[in-house]
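Chemist: Here you go, one structure.
The values are calculated or read from the model by the stated rules, or taken from the named source; none is laboratory data. Small disclaimer: the values here were computed from a predicted structure and weren't measured. Cβ: placed from backbone, ideal geometry, glycine included. Neighbour counts: every protein chain shown. Ligands, DNA and RNA are stripped out before the accessible areas are found, and what is left, the full protein with its side chains, is counted by its heavy atoms. Shrake-Rupley method; radii C 1.70, N 1.55, O 1.52, S 1.80 Å.
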Amino acid sequence: MPRYSINDQRFNQTLQELGHLGESPTGMDRVAYSPEDILGRDYAIKLMKEAGLETRIDNAGNIIGRLAGVDENLPVIALGSHTDTVPKGGKYDGALGVMAAIEVIRTLKDQGHTTKHSLEVINFTNEEGTRFHRWLVGSRSMCGLLEQDDLDAVDDDGFGLGPCLADIGGDISHIEEARRSTGELAAYLELHIEQGPYLHKSGNPIGVVTGITGRAVFEVEIEGKANHAGTTPMETRRDALVSASKLVLAIQKMAAEQEICRVSTVGSIRAVPNAVNVIPGSASIGLEFRDTDMAALAAAEQELRRITDEAIVNEEVAIDVQRHRFTSSVPISAEMQAMVAEAAENCGMTWEPLASGAGHDAQAVANIAPVAMIFVPSVDGISHSPEEYSTPQDCANGAQVLLELLLLADERL
Ligand code: HGY
Ligand code: MN
Ligand code: MN
């Protein structure tokens, strides 16, 4: 039996309330740095304060709520996730982990239990990376993984990261002050929805995450020749969108048929001037490869460059492959996995080991501290969609295991 029980009602209530902030008829739109994102951030800060946490916003925009432990000399145990969403996203991705972390604190307070370690609830900013095509910005800033091109990034409308950070209480000119060093955190514990189909299929309420996927993101620009759609003979066209479309199918085949890496996705495509009676003079596609094996991602990049070189010759277009971001895969230690499994068993729940096909802030924090992740089922494995759904019971199960995991970590680390 778990030592303490979370307040399921109160917890699921916060999840539903957060789920209305930044909601549009087509899904959740709390895209990082947006007014909708700020609604969710302010709600999390309100709950953190009500739970008795000392809150602050670091220069990377991360929201940190702190609760002193018995022994202030011990490193901190952190819990958290992110409240930003992809455009037209769901109510549980990230939100579950932040709301559950706050519920854990509230339950410890209700029970008058003070942990040995000081605790921090962290709401990492811009986990999704939608706006600047760079993800895990808050957690990478905290863990020394931010690069100059992150700071120099401009969005599709030419706006830079600096003003966006200022909007949420950050400060790009001193962003390095958000950096935490190895040893400051005893552990980082993250509850997250699986975002895939396996727990929903197996019926296990808990996933013990064994590792987090690596990811390689590219932008490919194709230059052909704009021309009249009505008068230009087919054989003389250099149609950038046709070349882009051929690349889309070839990139899909790389994972689906050639099995070069686990998954490959072209998530965005643009044609210029995007007018039906003009042969597109230029086009661009945004794509990503994922695999826990970094050699597979390197092989995928090699094949991408091979097929684009081929297209340059065969289709007389110019192609520029811009490598955007390589994020390393992260194994989760056997010790931390065992602690999650024991926490699930103490709560009377079955579990299964599961690798994460999604990226998470935990893979950045792993750079400076031991991390552990708990998954709960996503109904039909759907995520990054308004149809994303996890049942109140599954959400409460996750928060309950997170509380038990924290108590185990507090005793053992
Ligand atoms: O894209 C991902 O894997 C995560 O949901 N940010
Ligand atoms: Mn997430
Ligand atoms: Mn996500």
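Yes or no, residue by residue, for (1) over 19 Å from the mean Cα position of the chain (by Cα); (2) modelled with pLDDT under 95; (3) within 16 Å of ligand 1 (Cβ to nearest atom); (4) among the small types (Gly, Ala, Ser):
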position: SER282; (1), (2), (3), (4): yes, no, no, yes
position: ILE285; (1), (2), (3), (4): yes, no, no, no
position: ARG290; (1), (2), (3), (4): no, no, yes, no
position: LEU297; (1), (2), (3), (4): no, no, yes, no
position: LEU304; (1), (2), (3), (4): yes, no, no, no
position: ASP309; (1), (2), (3), (4): yes, no, no, no
position: ILE312; (1), (2), (3), (4): yes, no, no, no
position: ALA318; (1), (2), (3), (4): yes, no, no, yes
position: VAL321; (1), (2), (3), (4): yes, no, no, no
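Chemist: Hey, can you tell me all the residues within segment 1-55 that are under 23 Å from HIS113 (Cβ atoms) and touching a strand residue (DSSP E or B) at 6+ places or on another chain (Cβ under 8 Å)?
Modeler: ALA44, MET48, LYS49, ALA51, GLY52, LEU53, GLU54, THR55
Chemist: Another question about this same structure. Failed condition for GLU259, given (1) surrounded by 16 or more Cβ atoms within 10 Å (Cβ to Cβ); (2) outside the structural domain of GLY357 (by TED's automatic domain parsing); (3) within 27 Å of the chain's Cα centre (by Cα); (4) outside any helix (DSSP H, G or I), with all others met?
Modeler: Here GLU259 clears every test but (1).
Chemist: Do any strands (runs of 3 or more DSSP E) entirely within segment 1-99 hold 1 or more residues that are closer than 20 Å to ALA399 by Cα, and if so, which? Spell out the reasoning first.
Modeler: On the way: elements: 54-57, 63-67, 76-81.
Passing ranges, in order: 63-67, 76-81.
Chemist: Restricting to segment 330-351, and then to whatever is over 18 Å from ARG3 (Cβ atoms) and touching a helix residue (DSSP H, G or I) at 6+ places or on another chain (Cβ under 6 Å), can you tell me which residue is most open to solvent (accessible area, probe 1.4 Å)?
Modeler: Let us first name the residues in segment 330-351 that are over 18 Å from ARG3 (Cβ atoms), namely 330-338, 350-351.
Filter again for touching a helix residue (DSSP H, G or I) at 6+ places or on another chain (Cβ under 6 Å), leaving 330, 351.
Details: VAL330: 19, TRP351: 89 Å².
Restricting to residues being over 18 Å from ARG3 (Cβ atoms) and touching a helix residue (DSSP H, G or I) at 6+ places or on another chain (Cβ under 6 Å), the top hit is TRP351.
Chemist: Within segment 102-124, does at least one residue satisfy the condition of being within 16 Å of ligand 1 (Cβ to nearest atom), assigned to a loop (DSSP other than H, G, I, E, B) and at pLDDT 95 or above?
Modeler: yes
Chemist: Then there's this: Condition (residue is open to solvent by less than 30 Å² (accessible area, probe 1.4 Å), touching a His at 6+ places or on another chain (Cβ under 7 Å) and among the β-branched types (Val, Ile, Thr)) applied to segment 75-82: is it met by at least one residue?
Modeler: Pass one, segment 75-82, residues open to solvent by less than 30 Å² (accessible area, probe 1.4 Å): 76-82.
Then drop every residue that is not touching a His at 6+ places or on another chain (Cβ under 7 Å), which leaves 76-77, 81.
Now drop any that are not among the β-branched types (Val, Ile, Thr), which leaves 76-77.
Yes, the conditions are met somewhere in segment 75-82.
Chemist: Could you list all residues from segment 92-119 that are of a type in the set (Asp, Glu) and surrounded by fewer than 24 Cβ atoms within 10 Å (Cβ to Cβ)? Before you say what the answer is, go through the steps one by one.
Modeler: Step one: filter segment 92-119 for residues of a type in the set (Asp, Glu), giving 93, 103, 110.
Across segment 92-119, the qualifying residue is only ASP110.
Chemist: Output the helices (runs of 4 or more DSSP H) that fall wholly within segment 315-413 and possess 3 or more residues being farther than 17 Å from SER81 by Cβ and in contact with a strand residue (DSSP E or B) (Cβ under 6 Å, 6 or more places away or on another chain), or say none.
Modeler: Details: elements: 334-346, 361-365, 392-412.
Counting at least 3 such residues, we get 334-346.
Chemist: Here are the criteria: (1) over 22 Å from GLU23 (Cβ atoms); (2) open to solvent by 10 Å² or more (accessible area, probe 1.4 Å). Tell me which single one ARG131 does not satisfy.
Modeler: (1)
Chemist: Right, something else. Filter segment 1-40 for residues that are of a type in the set (D, E, K, R) and open to solvent by 40 Å² or more (accessible area, probe 1.4 Å); which is farthest from THR350 (Cα to Cα)? Reasoning before the result, please.
Modeler: Narrowing segment 1-40 to residues of a type in the set (D, E, K, R): 3, 8, 10, 17, 23, 29-30, 36-37.
Checking the rest, the ones that are also open to solvent by 40 Å² or more (accessible area, probe 1.4 Å) come to 3, 8, 10, 17, 23, 36.
Values: ARG3: 18, ASP8: 19, ARG10: 24, GLU17: 29, GLU23: 34, GLU36: 37 Å.
Among those that are of a type in the set (D, E, K, R) and open to solvent by 40 Å² or more (accessible area, probe 1.4 Å), it is GLU36.
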